[in-house]
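The values are calculated or read from the model by the stated rules, or taken from the named source; none is laboratory data. What you see is a predicted model, and the numbers here were worked out from it, not measured in a lab. Every residue, glycine as well, gets a Cβ built from its backbone with ideal geometry; the counts of neighbours run over all protein chains shown. Please note that ligands, DNA and RNA were not included when accessible areas were found on the heavy atoms of the full protein model with its side chains. Shrake-Rupley method; radii C 1.70, N 1.55, O 1.52, S 1.80 Å.
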Amino acid sequence: MATLIHTLADHSDDVNCCAFSSSCLATCSLDKTIRVYSLSNFAELPYSPLEGHTYAVHCCCFSPSGLVLASCSTDGTSALWDTRDGRRLAVLEQPGASPVRVCRFSPEATYLLAGAADGSVALWNVQSLKLYRSGKVKGGSLMACTFSPNGNFFVTGSSSGDLTIWDDKMRCLYNEKAHDLGVTCCDISSHPVSDSKNGFEYFQMASCGQDNQIKLWLILFADFLGVQLKYKCTLNGHSAPVLACAFSCDGQMIVSGSVDKCVIIYETSTGNTLHTLSQHTRYVTTCAFAPQSPLLATGSMDKTVHIWQLDLKQPCAGDTVENESKVAVENWSEDDVSAWLCAQDLADFVGLFKINNIDGKELLNLTKESLATELKIESLGLRSKVLQKIEELRMTMISVSVPDEFLCPITRELMNDPVIATDGYSYEREAMENWISNRRSSPMTNLPLQSLMLTPNRTLKMAINRWLETQQK
């Protein structure tokens, strides 16, 4: 699926970031430089390297047109460069002169967002080169940022572990503790996820952190609902902190790089691992998909950037399951179960499951006890891992068929403790308590709530319990 076709080894220190335009690749490093290469032959452009920063360059990114390249540095500045001749167009000094860790252009290239070690967030007008807005995260350094495809909002991630959603006026709309040990990177897919039942479109976001995890989120940005951030799932596979993550341009893949020196490519829809790349010899600090060609770039503290050619037509791990998932799980054959085990990194259990004739129906009925007594899986850790994957499969099935009236309007998840608010609607208690702790309007109507009182909806809870019982038969 991924073939290493070229290695760039021009930097004299750690590579911190790489970014694609439609025709170029830019890389930046602790060596204070930015280098720019042609995608046609990976030759360095005549004006490269770009020099001017006095300390390490942490991040670089192209404007949507590819005509301007931005970079940011420990020297407390962000710089704008003309990609046609390498001229430095501007130097933007961060408020407070703190080291700038990350920068991103807005989708229409009106603004450049720059985040710094002191938690400051600066939004620069690219045309006037003036500071448009500034803000600050609650705690820690700002380590990551990403814009929504429509430019209506952006998300920042901090070393304190928070993901914060801001609107285009730099107003803080939502804050979520996402990664206990700190956020290192985040990215929003350019392809929204449709909720045909309710007519909503969710933005899909990936975040990664020092906790070794990559998390997928759904963001709903609507005038009458405000902002909702819904946790979707966790992608596992790395054994050390994950330093970078990025969506492919079609949104179908996610790539990540880690302190474990590995690059992992996931399938977005299933979370399955498509490929693990282990050619770097030190921490992988950055990864990026090209926008108009099947290329992937990964950079590392080994001072190199690897260029990978992706064979998007080649069958890969997870293809079988994707095809078979069109068949209801309870109707899976033993071979379907075997394919699912392989896709979940549980291939060692294929023989055991086949010997015990585990088909889809049997798979869904497995419990902690049956894994131990019937399948004789002695390791508690392995039993827990298998059971977790089965539970995720069950939840996927439930989420597809759950009646809409059983879903909390805020989280869009099955309610466990439904309560009635004074607007007449029912919500999950915890979600509604969090909602009214920040505002006093109805999530459904946006009108002021007459009272903050929440009344248990026992009738709805009984109906949900009865429905769950029918799903388990």
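Classify the chain as rounded, prolate or oblate, taking a ≥ b ≥ c as the square roots of the eigenvalues of its Cα gyration tensor: rounded when a/c is under 1.5, otherwise prolate if a/b is larger than b/c and oblate if not.
Oblate.
Among 27-37, 128-138, 44-54, sorting by the average number of other beta carbon atoms lying within 10 angstrom of each residue, highest first, gives 27-37, 44-54, 128-138.
Set the Förster radius R0 to 35 Å, insert the Cβ-Cβ distance between SER128 and ARG440 as r into 1/(1 + (r/R0)^6), and round the FRET efficiency to 0.05.
0.40
Modelled this way, with points 7 Å down the Cα-to-C-beta line, the labels at ASP250 and ARG282 are 3.6 nm from one another.
Zone of SER22 (label point 7 Å along Cα→Cβ, backbone N under 17 Å): which residues in the stretch 44-87? Only 62-69, 83-84 fall inside the zone, counting backbone N under 17 Å. Taking every protein chain into account, the accessible area of the chain amounts to 45 square angstrom per residue (probe 1.4 Å).
Using R0 = 41 Å, the C-beta based FRET efficiency linking SER65 and LYS136 works out to 0.85. Straight Cα distances below 15 angstrom link LYS368 to the aspartates and glutamates GLU378, GLU391, GLU392, with same-chain residues fewer than 8 positions distant left out. Taking only protein heavy atoms and a 1.4 Å probe, the accessible area of the stretch 329-398 is 52% carbon and sulfur. The three principal axes of the Cα atoms in the stretch 218-262 give end-to-end lengths of 44, 22, 15 Å, sorted in falling order. The gain in end-to-end length when the ASN152 to ALA109 segment is fully stretched comes to 14.2 nm, 0.36 nm per residue minus the alpha carbon separation. For the pair ALA97 and ASP82, the difference between a 0.36 nm per residue extended length and the Cα-Cα distance amounts to 3.0 nm. Computing FRET efficiency as 1/(1 + (r/R0)^6) for ARG458 and VAL227, where r is the C-beta to C-beta distance and R0 is 30 Å, gives about 0.45.
Evaluate the Debye formula for the stretch 329-398 with equal point scatterers sitting on the alpha carbons, no solvent, and hand back log10 of I(q)/I(0) at q = 0.14, 0.17 Å⁻¹, in q order, two decimals. For the requested q values the scattering log ratios are -0.35, -0.54. If you roll a 1.4 Å probe over the stretch 2-310 with all protein chains in place, what percent of the accessible area is carbon or sulfur? The computed percentage sits at 48.
Past 29 Å, Cα to Cα: identify those pairs from LYS32/LYS136; LYS232/LYS385; LYS32/LYS230; LYS32/LYS215; LYS232/LYS354; LYS361/LYS461, in the order given.
Pairs exceeding 29 Å: LYS32/LYS230; LYS32/LYS215; LYS232/LYS354.
As a test of the formula, what do you get for the chain when each DSSP H run with n ≥ 4 contributes -39,500 (n - 2.57) and the sum is divided by the residue count, at 222 nm and rounded to the nearest 500 deg cm²/dmol? Dividing the helical sum by the residues of the chain leaves -5000 deg cm²/dmol.
Taking label points 7 Å from Cα along the Cα-to-Cβ direction, SER239 and ILE5 give a separation of 3.1 nm.
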